[in-house]
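Take a look at the structure below.
The values are calculated or read from the model by the stated rules, or taken from the named source; none is laboratory data. Remember, predicted model here, so these are calculated numbers, not experimental data. Virtual Cβ from ideal backbone geometry, glycine too; neighbours counted across all protein chains shown.
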């Protein structure tokens, strides 16, 4: 059930549309938000479980592993965030790493065949 505005199953409020200039041409990219993935995950699965584990966390780096379990199987994902790379949200690097880790397995387990990106770094938005 495609949405006429963005060509996929996400509602308009569940995507970020980002226009970038590449080689002098405007390229439009559609990035699904984690909330939209989670809505679809619940709609498509009777059982859904997401567990996370902090692999490393200090004042400069956060690495988190997530495992999403559905009727289709177990899908792992890793998320990393650093103060150096994500300086504009440095106080929340653990949350960003977790969001990335949780988003990746949802992409693999629910949208196989589509190009999806779990999190857009703030550096592309500034």
Neighbours by Cβ (under 8 Å, 6+ apart or cross-chain): first from the range 26-42, free of Cβ contacts under 8 Å to residues at least 24 places away in the same chain; second part of a helix (DSSP H, G or I) = 33/14; 35/14
The lone condition residue 91 fails out of (1) in a helix (DSSP H, G or I); (2) under 23 Å from residue 10 (Cβ atoms) is (2)
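Conditions tested, residue by residue: (1) farther than 13 Å from residue 101 by Cβ; (2) over 14 Å from the mean Cα position of the chain (by Cα); (3) exposed (fewer than 11 other Cβ atoms within 10 Å of the Cβ); (4) at pLDDT 85 or above.
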position: 30; (1), (2), (3), (4): yes, no, no, no
position: 41; (1), (2), (3), (4): yes, no, no, no
position: 51; (1), (2), (3), (4): no, yes, no, yes
position: 55; (1), (2), (3), (4): no, yes, no, yes
position: 71; (1), (2), (3), (4): yes, yes, yes, no
position: 79; (1), (2), (3), (4): no, no, no, yes
position: 84; (1), (2), (3), (4): yes, yes, yes, yes
Please find, among 63, 17, the residue that is under 22 Å from residue 88 (Cβ atoms), touching a strand residue (DSSP E or B) at 6+ places or on another chain (Cβ under 6 Å), at pLDDT below 90 and surrounded by 11 or more Cβ atoms within 10 Å (Cβ to Cβ).
-> 17
Residue that is modelled with the lowest pLDDT, among those in the range 3-14 that are within 18 Å of residue 99 (Cβ to Cβ) and crowded, with 16+ Cβ neighbours inside 10 Å = 10
